[in-house]
Amino acid sequence: MIELQDESLSNPDRCVRNMSQIYDATDQLQALPPDQYTEIFRGLNDDDQRRSAVENFIQQMTLLMERHDTVRSIALRCLGKLSVVTKGGLGEQCLLALGEAMLGGPAMEREVLSVLDDLIIPSIRSKQLQDES
C-alpha cells in the first residue's frame, strides 16, 4: 500500500486509481481474523519497523487527503477499515488520524462520523458478537 501512496503523491493522475486499490486492500485486511493481523507486517522484524511503517502510512494518508479532495472520502474509509487492526498500533493510529481529521471543519466532521457509523461501530459490534459465541 505504501508504494501506491508514494505513486499517488508523486503522480496525481493515478491518485484515484491507486486509492481504489488501497481501499480494496484495506477491505481484505479488515476481513482477516485478528490472529492473522500479523500478516500485515510481514517482513518487518521488530516493533520499531512496524511503528515506523504505521507512522509512514498515516502521514501519507493525511497528505493525500490534504492534497486531493477527490480521494478524501476513500482515505477516511481506509482509515476506518484499518482501525480494527489490533497489531502494530495500526488501529489506534488510524483512530487518532480520524480524530484529527474531524478538526478539519464541519464537512470533515460529517465524513468522519459517517465512517464511524458505517464502518467502525458495526465492526466493533460484530467483534463483540463473535467474542460472545
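The values are calculated or read from the model by the stated rules, or taken from the named source; none is laboratory data. Everything quoted here is computed from the prediction, not taken from an experiment. Glycine gets a Cβ as well: all are built from the backbone with ideal geometry, and neighbour counts include every protein chain shown. Just so you know, the surface numbers come from the protein's heavy atoms only, side chains and all, with ligands and any DNA or RNA stripped out. Shrake-Rupley method; radii C 1.70, N 1.55, O 1.52, S 1.80 Å.
For the reader, a short list of remarks on this structure follows.
- The Kirkwood hydrodynamic radius of the range 1-48, based on inverse pair distances between different Cα atoms, is 12.1 Å.
- When you filter the trypsin sites (Lys or Arg not before Pro) in the range 1-47 for DSSP loop state and at most 14 other Cβ atoms inside 10 Å of their Cβ, you are left with 42.
- Placing a pseudo-label 7 Å from each Cα along the Cα-to-Cβ vector at residue 42 and residue 69 gives an inter-label distance of 3.9 nm.
- Solvent-accessible surface ranking, highest first, for 86, 62, 26, 38 at 1.4 angstrom: 86, 38, 62, 26
- Label selected from (i) 10.1; (ii) 7.9; (iii) 13.3, the criterion being mean projected area of the Cα convex hull in nm² as computed here: (ii)
- Summed side-chain charge close to residue 4 - residues other than residue 4 whose Cβ falls under 12 Å, Lys, Arg +1, Asp, Glu -1: -2
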